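Before any comments, here is the structure.
The values are calculated or read from the model by the stated rules, or taken from the named source; none is laboratory data. Keep in mind that this is a model prediction, so the values were computed, not measured. Glycine also receives a Cβ, built like all others from the backbone with ideal geometry; neighbour counts cover every protein chain displayed. Side chains are part of the model used for accessible areas, which takes the heavy atoms of the whole protein and leaves out ligands, DNA and RNA. Shrake-Rupley method; radii C 1.70, N 1.55, O 1.52, S 1.80 Å.
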Amino acid sequence: MHAAPGEFTHRSPNRASSSALRRVPCRVTRRPIACKMEFLPFATRERCVPEPNYAVELSPPDIEPYRTGNTGIDYVTSLESGQPGPHVLVTALTHGNEICGAIALDRLFRAELQPRRGKLTLAFDNIAAYHSFDRRMPTASRFVDEDFNRLWSPTTLDGVRQSVELARARALRAIVDSANFLLDIHSMQYATAPLMLAGTLDRSLALARRVGIPELIMCDAGHAAGPRMRDYGGFGDPAATKTALLIEAGQHWERRAAEVATDVMLRFLMAVGTLSRDDAAPLGGPDFAAHPAQRVIQVTEAVTITGDTFEFVQDFRGLEVLPHKGTLIGRDNGRELRTPYDDCVLIMPSRRLVKGQTAVRLGRYAE
Ligand SMILES: [Zn+2]
């Protein structure tokens, strides 16, 4: 049975269950009084920066009806048009707690739309993490063992290392290999404007412009911790034609993120010719017909944490523009991190301030 959208259905425990809870000292580096993450799952021992008080407005949809699919891979379904055309892949739950993408795919499934040309594949990625979602600890279900979206290099995928996420990435690899276009749907820790992540290739930026929403497009090369799915193989190869986009649809728990995710997905499927406007319009939300003047942020660096302690000097939330070169942003093991140029944009400052991970990305408006 489908649960109605917005109905809370998943309570399946996994290794983040209450029996695995233990008290972990919350090494808060700012605003210690406001820290709500006093109890963390054993597997989620991370440097804790306080949770903003976002209400969990979204509920994870029941995706059990999509488990069997038709591809031989759980939670992956391909729809064939019978007409020539590209293989288009839309993925959700690359991070298990980013439920807006699952809501968007659920809406698309329920509408029973068929591709006009080529093939459309809909995939729920990190199912194990998603099934551990608990609205009392909504951030804990990002992943089980490691970040699914830092594994996408042949070296890692072909290697001997094992994890829940590596097993899932290996299972999905053939689908990702065969896709001509990819939209990977995500959401963010802080409530800032949605961002389309177009990578570094001109053809990805051109596709982001054809999609037309959201207003902000960010061009970046990813993370030192490992390649994202959107940068994998031909998606990141200047000589190839495969094209990928990643949407950060808004804050993880806000209702608006599901609307943005749905509208971006529909506009993406129209841009690549999978759906007609008439097909997509009945599912469209507030941004479906929007045509904002899009702006591009060129990322110049992803700041990777090198020490055991990293702290921001202000409560940055993302998209702040710091007017003066040399403005202090944070300290990495005491080493000062300062803006490298005037009008520096801070992008997606992280609360997961862990050595080897990205603390924040720095960029500037290109136009
Ligand atoms: Zn994500």
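Within the assembled protein chains, the solvent-accessible surface assigned to residue 310 is about 0 Å², based on a 1.4 Å probe. Taking the empirical scaling 2.2 N^0.38 Å for compact globular proteins as reference, the chain has a Cα radius of gyration ratio of 0.95. Computed over protein heavy atoms with a 1.4 angstrom probe, the accessible surface ordering of 95, 223, largest first, is 223, 95.
The antiparallel fraction among DSSP beta bridges confined to the chain stands at about 55%. So what's the gap between the Cα centers of segment 306-362 and segment 273-295, to the nearest angstrom? Cα centroid of segment 306-362 versus Cα centroid of segment 273-295: 35 Å apart. With contributions of -39500 (n - 2.57) from each DSSP H run of at least four residues, the per-residue ellipticity at 222 nm computed over the chain stands at -5000 deg cm²/dmol. Between 350, 59, 163, the GNM of the chain built on Cα springs shorter than 10 angstrom shows 163 fluctuating the most. For segment 251-309, relative contact order (Cα pairs under 8 Å, six or more residues apart, normalised by length) works out to 31 percent.
In the assembled protein chains, residue 299 presents an accessible area of approximately 30 Å² (probe radius 1.4 Å). Candidates 148, 197, 180 compared by Cα position along the dipole of segment 90-205: farthest toward the positive end lies 180, with charges placed on Cβ.
Apolar share of the accessible surface for the chain: 51 percent from carbon plus sulfur atoms, 1.4 Å probe. Calculation over all alpha carbon pairs of segment 306-367 in 10 angstrom steps from 0 returns a P(r) of 24, 56, 19, 1 percent. Amide H contacts of residue 359: 303, 304, 305, each under 5 Å away and 5 or more positions distant or on a separate chain (H built 1.01 Å from N in the peptide plane; Pro and chain starts excluded).
Rounded to the nearest 5, what % of the DSSP beta bridges within segment 45-197 are antiparallel ones? Beta bridges within segment 45-197, antiparallel portion: roughly 35 percent.
Classify segment 95-193 as rounded, prolate or oblate, taking a ≥ b ≥ c as the square roots of the eigenvalues of its Cα gyration tensor: rounded when a/c is under 1.5, otherwise prolate if a/b is larger than b/c and oblate if not. Cα axes put segment 95-193 in the oblate bin.
Computed over the chain, relative contact order equals 16 percent, with contacts defined as Cα pairs under 8 Å that lie 6+ residues apart.
Shape analysis of segment 235-317 places it in the oblate category; the axes a ≥ b ≥ c from the Cα gyration tensor give an a/c of at least 1.5, with a/b not above b/c.
Each of 271, 82, 104 was placed along the dipole of the chain (beta-carbon charges, centred on the mean Cα), and the one lying farthest toward the positive end is 104. Taking all protein chains together and a 1.4 Å probe, the residues 355, 119, 242 rank 355, 119, 242 from largest to smallest accessible area. Using C-alpha pairs under 8 Å with a sequence gap of at least 6, the mean separation divided by the residue count of segment 115-235 gives a relative contact order of 26 percent. Cα centroids of segment 179-218 and segment 57-129: 18 Å apart.
Using only side-chain charges placed at the Cβ, +1 for Lys and Arg and -1 for Asp and Glu, the dipole size of the chain relative to its Cα centre rounds to 620 debye. Normalised by 2.2 N^0.38 Å, where N counts its residues, the alpha-carbon radius of gyration of segment 228-367 equals 1.27. Couplings for segment 290-299, taken from phi via the Karplus curve 6.51 cos²θ - 1.76 cosθ + 1.60 with θ = phi - 60°, read 6, 9, x, 6, 7, 10, 10, 9, 8, 7 Hz in order; Gly and Pro are left as x.
Calculated accessible area for the chain comes out at 41 Å² per residue, all protein chains present (probe 1.4 Å; ligands, DNA, RNA ignored). Dimensions of segment 186-307 from C-alpha coordinates, computed as largest minus smallest value along each principal axis and given longest first, are 49, 35, 23 Å.
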